[in-house]
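Student: Before I ask anything, let me first share the structure, which is written out below as structure tokens.
What follows is calculated from the coordinates using simple rules that are stated; it is not laboratory data. This is a predicted model, so every value here is computed, not measured. As a convention, Cβ positions derive from the backbone with ideal geometry for all residues, glycine included, and neighbour counts pool all protein chains shown.
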Amino acid sequence: MKYMMLIGGNEDGWAHLSQEEQDALYGRIGAWWGEEVAAGRIVDGHQLQPAATATTVRLDREGRPTITDGPFIEGKEMVGGYAILDVADLDAALAVASSWPAPDVLEVRPIMERG
Amino acid sequence: MADRTLVDERLANVLRDERGRLTAALVRILGDWDVAEELVQDAAIAALEHWTTDGIPDNPGAWLMTAARRKAVDRLRRHARYRERMEQLTREASEMGSRIETGGPMGADDRLRLLFTCCHPALNREAQIALTLRTIGGLQTAEIARAFLVPDATIAQRLVRAKRKIRDARIPYRVPDGSELPARLGEVLAVLYLVFNEGYLASAGDRPERRELARDAEWLTSLLARLMPDEPEVLGLLALTRLHLARADARFAGDGSLILLPDQDRARWDHERIADGVALLERAERMGRPGSYQLQAAILAAHACAASWAETPWPAIVALYDTLMHSEPTPVVALNRALAVAERDGPSAALEALAPLADRLHGYHLYHAARAEMLRRLGRSDEARAADERALSLTDNPAERRLLEQRLSDANP
């Protein structure tokens, strides 16, 4: 069963950390990611650039786009990356999310299977 | 031929005890909750026919399990989408067969798994409660709706959404192990505790208590205690429900008003239940893993074992609250502690203990009722009156309202 794991957090959440602390956190995430990929639980995923680089495209009924600056969900918590998980069930997916090595927020959602 | 009324009655009793186990077994076979419930219902209808004609079988639970399983297998054969499940079933068939024949504790595993699924943290609390009562407790949708004073459609929708999420997000059907277990068991206990409290002292509606609901919660907890006999907090919660229910008959006056602990006729308490609750608690405590349900039960036991209000061991009760505050530092626990402090150290000490709770409990009627009581004891009647009025404005429970109204009229003849 495949799940999308959205990795979010307060973008300022890491701001109070020193450069060394941030580097250490990135190091831990890198190592963790490597293990999850090696175990076959993460099949794809990326870190995203900050939400300030996002651009939103909204289409009306006639298909006309309106383009605006920023992510389409405004809030304190921003999506900072994602992973596609391939695991047995929700408990297994939640176990992966729960072992994420940084103080962030994660959303786990099943991917729609068409068949 | 068996008497139809007798069959009805027997079937209702068996279903009451076995519905959870039957549904659980079918969910495991089919992986589909709605179909499982439907087939259990079909099996019950078949039982009604067969038992009336052929007599009630020696082991009605096993009969129902065999019938329900047969229906599940038929369903699997007919529907292609169940085919892979069929293979799994074939593998488990011999094992399942021996379980059904004996009706032994192995079948109970399914029910335990189902209970953990119903109380999975990926479902919201309301859905957890509705699913648990429906699937394990065997309550009808309308009964759950009545118990929680919401429209039938609301409960029906909650159940549909929850089952859909279980299926679509693939919430597994298992008892969590190792490091997961404490938190997940905590979810299950929290659901049972909430159901119990709602039944024991209803927060809304025209009846002061819905004791059937409290008894349902007690029954579910005793089931859990049978399935997990080595979990002290399960026994603690069971002891808590027993000790509360032991006093249930003495809690209301003829006119429906609430009788508080100091004024209750202790001869009307059920002393057998109290002894049972105390024995459960002692069994839990011997396991050496204390917890908040055990502590709450210990406080209840201290009250239940006192021969009179005057002989209540207040220092011990305050000490138990102090310990409880470590694991559960909530304002409501602090409020109850303050009431015990009042008996040990007097009303001024209690008011001091209540003062820091003002911000967090200003919307809670029992906080104002407790303040009123302390102010009255100190002779500050105007302030007491204001606090009672505030309490009255914050509760809809009819028995509580009557008690508060009584106090207000006594204070101002």
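Student: Normalised by the residues of the stretch B:177-311, what does the relative contact order come to in percent, with Cα pairs under 8 Å and at least six apart? Walk me through the numbers on the way to the answer.
Tutor: Numbers: 157 pairs, mean separation 30.9, N = 135.
Taking the mean separation of contacting Cα pairs over the length of the stretch B:177-311, I get 23 percent.
Student: Determine the dipole magnitude for the protein assembly as shown: charges of +1 sit on the beta-carbon of Lys and Arg, -1 on that of Asp and Glu, nothing else is charged, the reference point is the Cα centre, and the result goes in debye to the nearest 20. Please report the intermediate quantities before stating the final value.
Tutor: Working: 66 positive and 81 negative charges, 228 e Å.
Using only the charged Cβ atoms, the result is roughly 1100 debye.
Student: With point charges of +1 on the Cβ of Lys and Arg and -1 on the Cβ of Asp and Glu, referenced to the Cα centre of the protein assembly as shown, which listed residue (A:Ala31, B:Ala338, B:Trp314) lies farthest in the positive direction of the dipole?
Tutor: So the residue furthest toward the plus end is A:Ala31.
Student: Treating the Cα atoms of the stretch B:170-301 as identical point scatterers in vacuum, please give the log10 of the normalised Debye intensity I(q)/I(0) at q = 0.12, 0.14, 0.19 Å⁻¹, two decimals.
Tutor: Here log10 of I(q) over I(0) equals -0.49, -0.65, -1.08.
Student: Right, another one. Putting +1 on Lys and Arg Cβ atoms and -1 on Asp and Glu Cβ atoms, find which of B:Asn397, B:Ile56, B:Ala384 reaches farthest to the positive end of the dipole of chain B.
Tutor: So the residue we want is B:Ile56.
Student: Summarise the partner chain shielding of B:170-180 as one whole number: the mean count of Cβ atoms from other chains within 10 Å of each residue's Cβ. The partial results should precede the final answer.
Tutor: Working: counts 10, 4, 5, 2, 2, 0, 1, 0, 0, 1, 4.
Mean partner-chain Cβ count within 10 Å for B:170-180: 3.
Student: Kindly rank B:377-385, B:119-127, A:53-61 from highest to lowest mean number of other beta carbons found within 10 Å of each residue.
Tutor: Details: B:377-385: 14.2, B:119-127: 18.4, A:53-61: 10.1.
The packing order, highest mean first, is B:119-127, B:377-385, A:53-61.
Student: Restricting attention to the stretch B:26-72, which GluC sites (Glu not before Pro) occupy a DSSP loop and are surrounded by at most 13 other Cβ atoms within 10 Å? The partial results should precede the final answer.
Tutor: Numbers: sites: B:Glu37, B:Glu38, B:Glu49; in loops: none.
Loop-located and lightly packed - none at all.
Student: Let me ask you something else. Suppose every K and R has +1 on its Cβ and every D and E has -1 on its Cβ; what is the size of the dipole of chain B about the Cα centre, in Debye to the nearest 20?
Tutor: Numbers: 57 positive and 62 negative charges, 249 e Å.
In debye, rounded to 20, chain B gives about 1200.
Student: Right, another one. Take the alpha-carbon centre of the stretch A:37-97, take the same for the stretch B:105-177, and report the distance between them in whole Å.
Tutor: Value for the Cα centre distance between the two parts: 30 Å.
Student: Let me ask something else about it. Can you pull the semi-axes for the stretch A:43-107, root of five times each eigenvalue of the Cα gyration tensor, sorted largest first, whole Å?
Tutor: Working: eigenvalues 174, 48, 21 Å².
Ellipsoid semi-axes (Å, largest first): 30, 16, 10.
Student: Can I ask one more? So which lysines pass the test for B:Lys165, namely a Cα distance under 20 Å, with those fewer than 8 places away in the same chain ruled out?
Tutor: Partners within reach: A:Lys2.
Student: A follow-up question, please. When the Debye formula is applied to the Cα atoms of the protein assembly as shown, each taken as the same point scatterer, what base-10 log of I(q)/I(0) results at q = 0.12 Å⁻¹?
Tutor: Debye curve over Cα of the protein assembly as shown, log10 I(q)/I(0) at q = 0.12 Å⁻¹: -1.25.
Student: Mind checking which of B:Leu280, B:Leu238, B:Thr221 is farthest towards the positive end of the stretch B:212-287's charge dipole, using Cβ charges of +1 (Lys, Arg) and -1 (Asp, Glu) about the Cα centre?
Tutor: Result: B:Leu280.
Student: Cα to Cα, under 14 Å, and not fewer than 8 places away if on the same chain: which aspartates and glutamates meet these conditions relative to A:Lys76?
Tutor: Output for A:Lys76: A:Glu11, A:Asp12, A:Asp104.
Student: If you don't mind, another one. Is there a quick way to get the dipole size of the stretch B:177-311? I mean about its Cα centre, with the Cβ of Lys and Arg at +1 and of Asp and Glu at -1; what is the value in debye to the nearest 20?
Tutor: Computed charge dipole of the stretch B:177-311: roughly 140 debye.
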